[in-house]
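The structure under discussion appears below in the form of structure tokens.
Derivation of every value follows stated rules applied to the coordinates shown; laboratory data play no part. All figures in this text were calculated on a predicted structure; none of them were measured in a lab. In this analysis, Cβ positions are derived from the backbone assuming ideal geometry, glycine residues included, and neighbour counts consider all displayed protein chains.
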Amino acid sequence: MHVSIRSTHRIAEGTSEVVLDGFDDSFDFVPGQYVTITLPTLEHFSPRERFRDFSVASSPQELPELRIAFRDSESPFKKELASLSQGTEIECEGPKGVFTFDAAEGRPVYCIAGGIGVTPFVSMVRSGVFSVESRHRLYHFNRDLAHTPYHKELTELLKDQYVAVYESVSEPTLPREDDVQGTHWYIAGPPGMVRSVRDILAVRGVPDVHTHTEEFSGYE
């Protein structure tokens, strides 16, 4: 599907959000899913270097606009995406993925996000799937406040259901839940961080079927 760049803006230190426009009525998604973006302007690069996957950060109600976000990097793709002007056409495939709350079946959910891995949870919050009426909690790990995307919005919408953590993921910094059999865990972030959380939860006795993950490659 051909869509266009509507705007690009900073949402935290070293982090940008891109608003895409032009999605037709056939496009819909579930909060937690992702899309594949291809940049035709990188025609001189190999096919693999012309596309990247991005979790959707907006809600379905915001269509025909859709938001994605990314950390700055030295990759030609990220530099090109950040530089594209309003109205530039790009290609979008999707939606894809099964990182949704469907598997939780109404049970309490702990969400663990590392850095830009917060984007699927932002989509859930903006759509109302993750609300103050739910028994969900979101823990967001970053180096400091300046590098924490969506902090103000999540704090205002979720109140004490949102916790910003400025330490590395470890046994002491992860929240504890006595009901390991009745709680689901959703983990999104760099692969190493996701593996660390899975290992800690396995030691605690959390059933593997209650652990849902989404790895954001390129951010180790």
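Sort out the exposed loop trypsin sites (Lys or Arg not before Pro) in the chain (DSSP loop, at most 16 other Cβ within 10 Å) and tell me the longest stretch that has none.
1-134
Going by Cα centres, segment 105-152 and segment 1-74 are how many Å apart?
Here the answer is 19 Å between Cα centres.
Based on Cα coordinates alone, diagonalise the gyration tensor for segment 101-215, multiply each eigenvalue by 5, take square roots, and list the semi-axes in whole Å, largest first.
20, 17, 12
Could you please rank 44, 210, placing first whichever residue has the fewest other Cβ atoms within 10 Å of its Cβ?
Least crowded to most crowded, the residues run 44, 210.
In the set [x] 56, 36, 32; [y] 60, 52, 28; [z] 52, 35, 31, which value of Cα extents along the principal axes in Å was calculated from the structure you see?
Read-out taken from this structure: [z].
In a Gaussian network model over the chain where Cα atoms closer than 10 Å are linked, find which of 74, 93, 62 has the largest mean-square fluctuation.
74
Taking neighbour Cβ counts within 10 Å as the exposure measure, how do 177, 89 sort from fewest upward?
89, 177
Pick from 121, 29, 130: which is most flexible by mean-square fluctuation in a GNM of the chain where alpha carbon atoms under 10 Å apart are linked?
Most flexible of the set in this elastic network: 29.
Short version: ³J(HN,Hα) in whole Hz for each residue of segment 54-65, in order, from phi by Karplus 6.51 cos²θ - 1.76 cosθ + 1.60 (θ = phi - 60°), x for Gly and Pro, what are they?
Once rounded to whole Hz, the list reads 9, 5, 6, 9, 9, 9, x, 5, 7, 4, x, 9.
Can you list the lysines whose alpha carbon is less than 24 Å from that of residue 78, not counting same-chain residues fewer than 8 positions off?
Filter leaves 96.
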